[in-house]
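The values are calculated or read from the model by the stated rules, or taken from the named source; none is laboratory data. If you're wondering where the values come from, they're calculated on a predicted model, not measured in any experiment. Quick reminder, even Gly has a Cβ in these numbers, built from the backbone with ideal geometry, and neighbours come from all protein chains shown. Protein only, heavy atoms only, side chains kept; ligands, DNA and RNA dropped before computing areas. Shrake-Rupley method; radii C 1.70, N 1.55, O 1.52, S 1.80 Å.
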Amino acid sequence: MKKYYIETYGCQMNVSDSELVSAILTNAGYSPADTIDEADILLFNTCSVRDHAEQRVLGRISNELHRKQKNKDFKIVLLGCMAQRIGKRLINENLGIDYAIGVDQYRDLPNILADDGGFSLEFNPSEVYDNLMPLHQGNYCAYVTIMRGCNNFCSYCIVPYVRGRERSRPYDDILKDIREAVTNGMHDITLLGQNVNSYKFKDQDFPALLKNIEHDVEGIYRLHFVTSHPKDLSEELISTMANSKIICRHIHLPLQSGDDDILKRMNRSYIYSQYLSRVQALRNAMPGIAITTDLIAGFPGETEQQFEATLAAMREIEFDYAFCFKYSQRDGTTAARYNDQIPEEIRLNRLQKMIDLQREITLKKYRSFIGKEVEIYVEDFSKKSKSKLSGKTRDFKIAVLSGSESQLGSIVRSKVVDATAGTLICD
Ligand code: 5AD
Ligand code: SF4
């Protein structure tokens, strides 16, 4: 029986897609390898959002080519956004990649693998991978994709070009997936989509989906979702969150920039004051809610003053955490055609300033928990020591605590005794 091994890059959406691919391959008679050394087929599920992510995968592939000498049946498969974007070209360049399979063609994988090589990269706007239970990797937490694709066309972003238009997964199918996960001990469910607020299946929108899941499934301790677009964050969603017993007190709400002209050039469809009023509405409805964000440094044309506006926004809002990115020029996007690209050195310098500021803010936020009791959903042993456990608070902060194996997959109350800019240390 042939064995496969998948390496996943990029966002949680890719983690979820790799679980689908695992299901497709095991259903077709392949079995998962515990390590690369055992694998006959090595799959790379890739990300194209930034150039750096693509370069890393190319490096990884060249490091694994030696396996082809030992095992002449050893195959390398490119999946995900990078396959979609440049898979055909990479195969033609003879880099050792045998197959390139696009994001809507995973069902075709067993057929294609039956051939000696090739690609399948057509978009299929109706593909939502229904009637296919993903093979969840985690033991206590599950990602459940609810919608695919994106219609927003932010000017810097490659995603709409490589993942196609928005489409939502049928409710019954989502329900089946969540029920199975919960039955198997995964009480922490994260709903995934490029823009979950656009979920629409028949007459069911995203707030209705959340309410129905809470009503229809027993045994969910924690319900999260990513990612929300600020322009679609409705009052209805805020009140649904506030009234829920299981939805986490956390939202990931990408701001990208604190300057209105840059936001306009990014095609984000909101200005900073509108974003801020969403944050205030969330905080009024749910005091203490954690808000995390994505920010881009050095978008084309960004002046020093416009960059300062982003730093000022960070100080004003005090995000619990911010994923800070250096702008990366992606071929085919609108922003790649702007002729006022910012030099690398300035982008790097601004990125570092953002990271330093956020670190300070995160540390202050985390330290404010010292002495308080938090509720932790225990997910794993701590990476540093087997005698400690790790998990997340209801507002999505990583916590480490003392405890025993029997507490995995359950909620534990513990007091915070110390904190770093990323972890609450509990007793
Ligand atoms: N350059 C830098 N960051 C980007 N992102 C998306 N496209 C780019 C790009 N071209 C970031 C955005 C988005 C996150 C997933 O990745 O901040 O929210
Ligand atoms: Fe990209 Fe914008 Fe869509 Fe997010 S909402 S995937 S940043 S185009």
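Select, from Leu276, Leu282, Leu263, the only residue that is more than 24 Å from Gln306 (Cβ to Cβ) and assigned by TED's automatic domain parsing to the domain that holds Ala309.
Working: Leu276 fails: more than 24 Å from Gln306 (Cβ to Cβ); Leu263 fails: more than 24 Å from Gln306 (Cβ to Cβ).
Selected residue: Leu282, the only one of Leu276, Leu282, Leu263 that is more than 24 Å from Gln306 (Cβ to Cβ) and assigned by TED's automatic domain parsing to the domain that holds Ala309.
Please go through region 384-408 and pick out each residue that is in contact with a strand residue (DSSP E or B) (Cβ under 7 Å, 6 or more places away or on another chain) and assigned to a loop (DSSP other than H, G, I, E, B).
Filtering region 384-408 down to residues in contact with a strand residue (DSSP E or B) (Cβ under 7 Å, 6 or more places away or on another chain) leaves 388-403, 407-408.
Selection gives Arg394, Asp395, Phe396, Lys397, Gly403, Leu408.
Within region 192-226, track down each residue that is under 30 Å from Asp260 (Cα atoms) and open to solvent by less than 40 Å² (accessible area, probe 1.4 Å). Explain how you work it out, then say what you get.
To start, the set of residues in region 192-226 that are under 30 Å from Asp260 (Cα atoms) comprises 192-200, 205-207, 224-226.
Answer for region 192-226, where residues must be under 30 Å from Asp260 (Cα atoms) and open to solvent by less than 40 Å² (accessible area, probe 1.4 Å): Leu192, Gly193, Asn195, Val196, Asn197, Ser198, Tyr199, Phe206, Pro207, His224, Phe225, Val226.
Can you name the helices (runs of 4 or more DSSP H) wholly within region 1-89 that have at least 1 residues being of a type in the set (Val, Ile, Thr) and away from ligand 1 (no atom under 16 Å from the Cβ)?
Details: elements: 12-27, 51-64, 67-70.
So the answer is 12-27, 51-64.
Just checking, how many residues over region 58-104 are in contact with a helix residue (DSSP H, G or I) (Cβ under 8 Å, 6 or more places away or on another chain), farther than 22 Å from Val162 by Cα and of a type in the set (Gly, Ala, Ser)?
Of the residues in that region, 1 qualify.
Scan (1) of a type in the set (Gly, Ala, Ser); (2) closer than 30 Å to Ala297 by Cβ; (3) surrounded by 14 or more Cβ atoms within 10 Å (Cβ to Cβ) for the single condition Ser62 breaks and write down its number.
(3)
What are the pairs, 6+ residues apart or on separate chains, where a residue within region 172-183 that is more than 23 Å from Lys200 (Cα to Cα) has its Cβ under 7 Å from a residue that is not in a helix (DSSP H, G or I)?
Taking only residues 6 or more apart or on different chains, the pairs are Val182/Val217; Val182/Gly219; Val182/Ile220.
Which one is nearest to ligand 2 (Cβ to nearest atom) among residues in region 125-162 that are open to solvent by 40 Å² or more (accessible area, probe 1.4 Å) and under 17 Å from Asp104 (Cβ atoms)?
Selected residue: Asn151.
Within the bounds of region 278-287, is there any residue that is touching a residue at least 60 places away in the same chain (Cβ under 8 Å), surrounded by fewer than 21 Cβ atoms within 10 Å (Cβ to Cβ) and more than 30 Å from Gln84 (Cα to Cα)? Explain how you work it out, then say what you get.
Going residue by residue through region 278-287, those that are touching a residue at least 60 places away in the same chain (Cβ under 8 Å) are none.
No, that holds for no residue.
For region 199-229, give me each residue that is in a loop (DSSP other than H, G, I, E, B) and either within 16 Å of ligand 1 (Cβ to nearest atom) or free of Cβ contacts under 8 Å to residues at least 12 places away in the same chain (or both). Break it down into steps so the answer makes sense when it comes.
Initial filter on region 199-229 (in a loop (DSSP other than H, G, I, E, B)): 199, 202-203, 217-221, 227-229.
Answer for region 199-229, where residues must be in a loop (DSSP other than H, G, I, E, B) and either within 16 Å of ligand 1 (Cβ to nearest atom) or free of Cβ contacts under 8 Å to residues at least 12 places away in the same chain (or both): Asp203, Thr227, Ser228, His229.
Show the residue pairs that are 6+ apart or on different chains and have beta-carbon atoms under 9 Å apart, the first residue being within region 332-347 and farther than 15 Å from Tyr156 by Cβ, the second being open to solvent by 70 Å² or more (accessible area, probe 1.4 Å).
Matching pairs, first to second residue: Ile346/Glu304.
If a residue has to be closer than 14 Å to Phe325 by Cα and either away from ligand 1 (no atom under 16 Å from the Cβ) or more than 25 Å from the chain's Cα centre (by Cα) (or both) to count, how many in region 287-299 make the cut?
Within region 287-299, residues that are closer than 14 Å to Phe325 by Cα and either away from ligand 1 (no atom under 16 Å from the Cβ) or more than 25 Å from the chain's Cα centre (by Cα) (or both) number 0.
Give all pairs with beta carbons closer than 6 Å in which a residue from region 1-28 that is farther than 14 Å from Leu79 by Cβ meets a residue that is within 16 Å of ligand 2 (Cβ to nearest atom); count only pairs at least 6 apart in sequence or on separate chains.
Gln12/Leu192
What number of residues within region 305-323 are farther than 21 Å from Asp395 by Cβ and not in a helix (DSSP H, G or I)? Even if it seems obvious, please write down each step before you answer.
Kept after step one, since they are farther than 21 Å from Asp395 by Cβ, are these residues of region 305-323: 305-312.
So of that shortlist, the ones also not in a helix (DSSP H, G or I) come out as none.
Total satisfying the criteria: 0.
Is region 188-198 home to any residue that is in the same structural domain as Ile342 (by TED's automatic domain parsing), assigned to a loop (DSSP other than H, G, I, E, B) and among the hydroxyl-bearing types (Ser, Thr, Tyr)?
Our first condition is that a residue be in the same structural domain as Ile342 (by TED's automatic domain parsing); within region 188-198, this holds for 188-198.
Remaining after also requiring assigned to a loop (DSSP other than H, G, I, E, B): 193-195.
Then drop every residue that is not among the hydroxyl-bearing types (Ser, Thr, Tyr), which leaves none.
Checked against the condition, which is being in the same structural domain as Ile342 (by TED's automatic domain parsing), assigned to a loop (DSSP other than H, G, I, E, B) and among the hydroxyl-bearing types (Ser, Thr, Tyr), region 188-198 yields no hits at all.
For region 357-367, enumerate the residues that are open to solvent by less than 80 Å² (accessible area, probe 1.4 Å) and either more than 23 Å from Cys157 (Cβ to Cβ) or without any contact (Cβ under 8 Å) to a residue 12 or more places away in the chain (or both). Spell out the reasoning first.
Of the residues in region 357-367, the ones open to solvent by less than 80 Å² (accessible area, probe 1.4 Å) are 357-358, 361-363, 365-366.
Residues satisfying the conditions are Leu357, Ile361, Thr362, Leu363, Lys365, Tyr366.
Restricting attention to region 234-252, which residues are in a helix (DSSP H, G or I), farther than 22 Å from Ala322 by Cβ and not β-branched (Val, Ile, Thr)? First the steps, then the outcome.
Applying the first criterion (in a helix (DSSP H, G or I)) to region 234-252 yields 235-243.
Keeping just the survivors that are farther than 22 Å from Ala322 by Cβ gives 235-236, 239-240, 242-243.
Matches in region 234-252: Glu235, Glu236, Ser239, Ala242, Asn243.
With respect to Asp216, determine if the residue is more than 16 Å from ligand 2 (Cβ to nearest atom) and within 30 Å of Cys154 (Cβ to Cβ). Let's see the steps before the verdict.
On the way: more than 16 Å from ligand 2 (Cβ to nearest atom): yes; within 30 Å of Cys154 (Cβ to Cβ): no.
For Asp216, the condition - more than 16 Å from ligand 2 (Cβ to nearest atom) and within 30 Å of Cys154 (Cβ to Cβ) - is not met.
What single numbered condition from (1) in a strand (DSSP E or B); (2) under 26 Å from Ser228 (Cα atoms) fails to hold for Ala100?
Single failed check for Ala100: (2).
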